[in-house]
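The structure appears below as structure tokens.
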Amino acid sequence: MTIATRERTRYRDNPSVLTVFKSPRLLTREALAGLVVALALIPEAISFSIIAGVDPAVGLFSSAVMAMSIAFLGGRPAMITAATGAVALVIAPIMREHGFDYFIATVLLAGLLQIVLGLLGVAKLMRFIPRSVMVGFVNALAILIFLAQIPQLVGVPWLVYPLVVVGLLILVLMPRLTKVVPAPLFAIVLITGAVLLFSWQVPNVGDQGQLPTSLPALFFPDVPFTLETLGIIGPTAIAMALVGLMESLMTAKLVDDVTDTHSDKTRESWAQGVANVLSGVFGGMGGCAMIGQTMINVKASGARSRISTFLAGAFLLVLVVALGDIVGLIPMAALVAVMIMVSVGTFDWHSIRPSTLRRMPVSETLVMVVTVVVVVATHNLAIGVIVGVLVAMVLFARRVAHFASVTRSVTDAESDAEGHGAVAHYTVEGELFFASSNDLTTQFEYTDDPDHVVIDLSRSHIWDASTVAALDAIETKYGRLEKTVELRGLNAASVSMRERMSGQLGGEA
């Protein structure tokens, strides 16, 4: 292995903070990536503030505080956490109906809930999210990122369109020539320079809302510590905590796949809670991981360390407070071009190729499509993922239920070695749970069977109470006809479950 190859291997995956500081090249890459993300965060944070019904400064400061804190605490290096649209949608009714103090109290409670859930190991539930739901999640995100740019392309001066095209060309062609400077940063600087040089009148960042002129201050909500207050903010805080964790953990898994590295999901879970608490303490609206800005950081700019995340928050704070007048001049066309390329890069195009669709089971494709449709329709990633997982569970249960089978044979009196006379032998094969065992009772010939029945369960496994109840019902039906039933071949786990539950599940038919 050559020295150059060793260096590429060393820096490609997940360099430590110390490694980045020792390498001017890596430090430059991380710093420029953070700057690009900071620029992209400004219009997004302002838009999300408007959705939540608060001043733009609330979303901007929240983004800065969360990005800088998660850089130290988070379990997924290079992932960007800031104010998000999903969280804004969830928490907006509190602001609208109860005011800013209750709004901040909700953010703080949501953060505390996330810390508790993180410490309880909620991240481990990620293993139950199927790949088809993940693909649908990614594709839906790409569509939402693209749709979010449409308002910036409707009812605007015609100059916006060629500027967006120029930005897209730069983003496509520049990485093929050089990666010393991130293509998104070059596109933003070039388009901004051209607009200022020729005095073109196009929408800019300043048109999105007034930027703050001072640093954030500590804020403690003036709300009574009563059960009534908990009743007001509790349900929304729970929803905010769950939505934030789900989006963050899904985004972390996506970054794991993009970078081919592993992250600490449990640490990321409670760190998101701490970041939300800190955001609330400084009067911020809270948030979670941002897929669009994370993809800018990781894919478009090539960042891999915590430094880029921290600098994104630090640059954002400096840009909006000290350089707000300059930042306000950046054309929205430049940022729209960056986000469109992020959308294209995020979408899993392989998942919709005809060759892929022909090979994939119909159920897998259906789960992906349902996830995409629900997310795009509701603009809520959490709802889409939950519905996708539920559909996947139903389809899986339906598919597995057909794997259980019952075969019957009858041994006459002369050939029965145990002297029982004629014996009906049933062999049950497959996994027995609610979906497969509910029809189990219908597969026996109760009246036609001889007086002794043997049910061989050596090729099956009892998974739940539904199966125990079904076996009890079968014994009861034969008992009414004064016929004996012998269960054979149960494994130890199945025997234990049956002994614990048999006869305790109510009357059987």
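The values are calculated or read from the model by the stated rules, or taken from the named source; none is laboratory data. Being a predicted model, the structure only gives us computed values, none of them experimental. Cβ sites come from the backbone with ideal geometry, for glycine too, and all protein chains shown count toward neighbours. Just the protein is used for accessible areas: all its heavy atoms, side chains included, with ligands, DNA and RNA removed. Shrake-Rupley method; radii C 1.70, N 1.55, O 1.52, S 1.80 Å.
Largest first and in whole Å, what are the equivalent-ellipsoid semi-axes of the range 29-126 based on the Cα gyration tensor, each being the root of 5 times an eigenvalue? Before the final figure, lay out each step's value.
On the way: eigenvalues 105, 87, 20 Å².
Gyration-tensor ellipsoid for the range 29-126: 23, 21, 10 Å.
Just the number, please: carbon plus sulfur as a percent of the accessible area of the range 441-509, 1.4 Å probe, no ligands or DNA/RNA counted. Present the calculation step by step, with values, prior to reporting the outcome.
Details: 1740 of 3650 Å².
Roughly 48 percent, rounded to a whole number.
Which whole-number value in Å² is the accessible area per residue of the range 147-218, probe 1.4 Å? If you can, show how the numbers build up before the last one.
On the way: 4360 Å² over 72 residues.
With all protein chains present, the range 147-218 gives 61 Å² per residue.
Can you list, bin by bin at 10 Å, the percent of alpha carbon pairs in the range 371-466, starting at 0?
All Cα pairs, binned at 10 Å, distribute as 15, 30, 22, 16, 9, 6, 3, 0 percent.
Tell me the angle of helix 100-119 to the major Cα principal axis of the chain, expressed in degrees between 0 and 90 and rounded to the nearest ten.
Once rounded, one gets 50 degrees.
According to the square roots a ≥ b ≥ c of the eigenvalues of the Cα gyration tensor, what is the shape class of the range 178-331, taking rounded for a/c under 1.5, prolate for a/b larger than b/c otherwise, and oblate for the remainder? Could you put the intermediate results ahead of the total?
On the way: a/c = 2.56, a/b = 1.34, b/c = 1.91.
Taking the square roots of the gyration eigenvalues as a ≥ b ≥ c, the range 178-331 is oblate.
Under a 1.4 Å probe, what is the accessible area of the range 248-369 per residue, stated in Å²?
Details: 4280 Å² over 122 residues.
Counting only protein heavy atoms, the per-residue value for the range 248-369 is 35 Å².
Calculated from DSSP H runs of 4 or more alone, at -39500 (n - 2.57) each and per residue, what is the 222 nm mean residue ellipticity of the chain, nearest 500?
Result for the chain, helices only: -20000 deg cm²/dmol.
Which peptide among 298-305, 153-160 comes first, and what is the full order, when sorted by highest mean count of other Cβ atoms within 10 Å?
Values: 298-305: 23.5, 153-160: 12.4.
Most protected by this proxy first, the peptides run 298-305, 153-160.
Would you mind getting the Kirkwood hydrodynamic radius of the range 94-181 from its Cα pairs, rounded to one decimal in Å? Please list the in-between numbers first.
Working: mean 1/r = 0.0547 Å⁻¹.
In the range 94-181 this quantity evaluates to 18.3 Å.
In the chain, what percentage of the DSSP-assigned beta bridges are antiparallel, given to the nearest 5? Working shown, then result.
Details: 10 of 24 bridges.
Just about 40 percent of them are antiparallel.
For the chain, what ratio Rg/Rh do Cα atoms give with a Kirkwood hydrodynamic radius?
Looking at the chain, the ratio lands at 1.14.
Compare the peptides 32-45, 85-98, 328-341 by average per-residue count of other Cβ atoms within 10 angstrom and give them in order, highest first.
Numbers: 32-45: 26.6, 85-98: 20.1, 328-341: 23.4.
My ranking of the peptides, most packed first, is 32-45, 328-341, 85-98.
Excluding Val17 itself, what net charge comes from residues whose Cβ is under 12 Å from its Cβ, given Lys and Arg +1 and Asp and Glu -1?
Working: positive: Lys22, Arg304, Arg306; negative: Glu30.
Residues close to Val17 contribute a combined charge of +2.
What percent of all Cα-Cα pairs in the range 168-251 falls into each 10 Å bin, going from 0 up to the bin containing the maximum distance?
In order of increasing distance, the bins hold 12, 19, 24, 23, 15, 8, 0 percent.
How do 375-383, 220-228 rank on mean C-beta neighbours within 10 Å, highest first? Walk me through the intermediate numbers first.
Values: 375-383: 18.3, 220-228: 11.4.
Order by mean packing, descending: 375-383, 220-228.
Roughly how many percent of the accessible protein surface of the range 48-96 is carbon and sulfur, given a 1.4 Å probe and a whole-percent answer? Show your work: numbers first, answer last.
On the way: 880 of 1200 Å².
Carbon and sulfur together cover 73 percent of it.
Around Thr356, under 13 Å between beta carbons, what's the net of Lys plus Arg minus Asp minus Glu among the other residues?
Values: positive: Arg131, Arg353, Arg358, Arg359; negative: Asp348, Glu364.
Taking every other residue near Thr356 into account, the sum is +2.
Round to the nearest 10 and give me the degree value, 0 to 90, for the angle of helix 465-480's Cα axis relative to the longest principal axis of the chain.
Approximately 20 degrees, to the nearest 10.
First compute the accessible area of the range 226-370 with a 1.4 Å probe, then give the percent of it belonging to carbon and sulfur atoms.
Values: 3680 of 5290 Å².
Result for the range 226-370: 69 percent of the exposed heavy-atom area is carbon or sulfur.
Probe 1.4 Å, all protein chains in place: accessible area of Leu196 in Å², nearest 10?
The accessible area of Leu196 comes to roughly 90 Å².
Expressed as an acute angle from 0 to 90° and rounded to the nearest 10, what is the orientation of the C-alpha long axis of helix 183-198 relative to the principal long axis of the chain?
Once rounded, one gets 40 degrees.
Can you flag which of Lys265/Lys299; Lys22/Lys124; Lys124/Lys179 are past 26 Å Cα-Cα?
On the way: Lys265/Lys299 21 Å; Lys22/Lys124 35 Å; Lys124/Lys179 37 Å.
Check vs 26 Å cut-off fails for Lys22/Lys124; Lys124/Lys179.
Evaluate the Debye formula for the range 159-208 with equal point scatterers sitting on the alpha carbons, no solvent, and hand back log10 of I(q)/I(0) at q = 0.28 Å⁻¹, in q order, two decimals.
-1.10
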